[in-house]
Amino acid sequence: PGSGKSMLSKRLPSILPDMTWEESLEVSQIYSVMGMLTPSNPLVTRRPFRSPHHTVSNAGLAGGGSNPRPGEISLAHKGVLFLDEMPEYQRHTLESLRQPLEDKKVTVSRVQRTVDYPANFMLVASMNPCPCGNYGSKTAECKCTAREIRNYLGKISGPLLDRIDLQIEVDNITYGELTDRTSLETSKDVKARADKAREIQRARFQGTNVSCNAQMTNAMIKKYCQLSDGCEKLLKRAFEKLNLSARATTRIIKVARTIADLDGQKDISEKHIAEAIQYRSYDRKYHD
């Protein structure tokens, strides 16, 4: 608690690649349907950042209603959907995210008709590791029982967590870290690296309907993510020790491909695989 999870999440849009003209048109159509554009602002030119409250209904998040309308996940199309304190949301509401995360669209079925809304968004969520927030902390003591921790974490289903590529733990901040005046990278610097990696990916997938590594098909993974024997051994150890699903393993490979792109490397190396595995902190923590 108080370590900057929400602040980090809200800064994410500042390092994302600029919207293309096609993306702007796609998102603007959704906002037009919702009556959220004005004559002075007829186009959405910045990636959306949507942060619905944990009391949001299933229809409010996924879309629907008697007269079906897009929900928050469609309003986050080509942008970021941020769920602060994820376990506070209704479990059945969270489960409605599973299909859109896979299919990049949400299907709303009613007696009269079935409607598909685009939902190609980046899900970012924050949560504490237990009710008191200190489970696993290096600087504070957890007061929760094992049962309380299990019940709290059990609010997020395994299949949903499986679809979250990067899982990062953020520990309490010390006073020294809080008052440190060391000059660090700016968002502008980080964005320049992200833009460069995205350009590599656009060139890689030119002529297809895929624009980034996250959207790679299995055939593309075989073509662009060839692994050395060392990488294969490292991935196999992680698969067996962490009891990873096939989906999680595939996502580790995609993340490693992106890390290699950020590193300016043509081939995925063992250090890229190792870093991608480190980003499965939930899997590592609860299978050790």
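Listed values, structure above:
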{"quantity": "Nearest-10 value in Å² for the accessible area of residue 170, using the 1.4 Å probe", "calculated": "70 Å²"}
{"quantity": "Shape parameters for segment 97-220, alpha-carbon atoms, Rg then Dmax in Å", "calculated": "20.5, 61"}
{"quantity": "Subset of 10/188; 236/271; 143/241 violating a 18 Å alpha-carbon distance limit", "calculated": "143/241"}
{"quantity": "Alpha carbon centroid spacing (whole Å) that separates segment 144-197 from segment 85-130", "calculated": "21 Å"}
{"quantity": "Solvent-accessible area, 1.4 Å probe, carbon plus sulfur percent, for segment 89-228", "calculated": "51 percent"}
{"quantity": "Qualifying aspartates and glutamates (Cα of each under 20 Å from Cα of residue 105; at least 8 residues distant if same chain)", "calculated": "22, 23, 26, 72, 95, 116, 162, 165"}
{"quantity": "Reciprocal of mean inverse Cα separation for segment 5-120 (Kirkwood radius, Å)", "calculated": "14.9 Å"}
{"quantity": "Solvent-accessible surface (1.4 angstrom probe) belonging to residue 225, in square angstrom, nearest 10", "calculated": "10 Å²"}
{"quantity": "Prolate/oblate/rounded call for segment 168-237, Cα gyration tensor, a/c under 1.5 rounded", "calculated": "oblate"}
{"quantity": "In range of the label at residue 266: residues from segment 195-239 whose backbone nitrogen is under 20 Å from the point 7 Å along Cα→Cβ", "calculated": "196-206, 213, 220-232"}
{"quantity": "Sorted largest first, extent of the chain alpha carbons per principal axis (Å)", "calculated": "51, 47, 45"}
{"quantity": "Rounded to 5, percent antiparallel among DSSP beta bridges of segment 3-124", "calculated": "60 percent"}
{"quantity": "Proximal aspartates and glutamates relative to residue 191, as straight alpha-carbon distance under 17 Å, when same-chain residues fewer than 8 apart are discounted", "calculated": "18, 199, 261, 263"}
{"quantity": "Per residue accessible area of the chain, 1.4 Å probe, in Å²", "calculated": "58 Å²"}
{"quantity": "HN-Hα J in Hz across segment 63-71 - Karplus 6.51, -1.76, 1.60, θ = phi - 60°, x for Gly and Pro", "calculated": "x, x, x, 4, 10, x, 9, x, x"}
{"quantity": "Modelled FRET efficiency - R0 35 Å, residue 193 with residue 43, Cβ distances, 0.05 increments", "calculated": "0.80"}
{"quantity": "Theoretical gain in end-to-end length, residue 240 to residue 12 [0.36 nm per residue, Cα-Cα removed]", "calculated": "78.8 nm"}
{"quantity": "Residues with amide H under 5 Å from that of residue 49, placed H, sequence gap 5 or more", "calculated": "80"}
{"quantity": "Cα-Cα P(r), segment 152-271, percent of pairs per 5 Å interval", "calculated": "2, 9, 15, 18, 17, 14, 13, 9, 3, 1, 0"}
{"quantity": "Amide hydrogen neighbours beyond the local backbone of residue 125, cut-off 5 Å, H modeled", "calculated": "83"}
{"quantity": "Using a Förster distance of 41 Å, the FRET efficiency for residue 88-residue 229 (Cβ separation, nearest 0.05)", "calculated": "0.35"}
{"quantity": "Most mobile of 168, 252, 156 in a GNM of the chain (Cα contacts under 10 Å)", "calculated": "168"}
{"quantity": "Additional length obtainable on full extension of the chain from residue 146 to residue 182, 0.36 nm per residue less Cα span", "calculated": "9.0 nm"}
{"quantity": "Highest-MSF residue in the chain out of 13, 52, 42 [GNM, Cα springs under 10 Å]", "calculated": "42"}
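The values are calculated or read from the model by the stated rules, or taken from the named source; none is laboratory data. Quick caveat: nothing in here was measured; it's all calculated off a predicted structure. Methodologically, a virtual Cβ is constructed for each residue, glycine included, from the backbone with ideal geometry; neighbour enumeration extends over all protein chains shown. Each accessible area value is taken on the protein alone, full model and side chains, heavy atoms only, with ligands, DNA and RNA left out. Shrake-Rupley method; radii C 1.70, N 1.55, O 1.52, S 1.80 Å.
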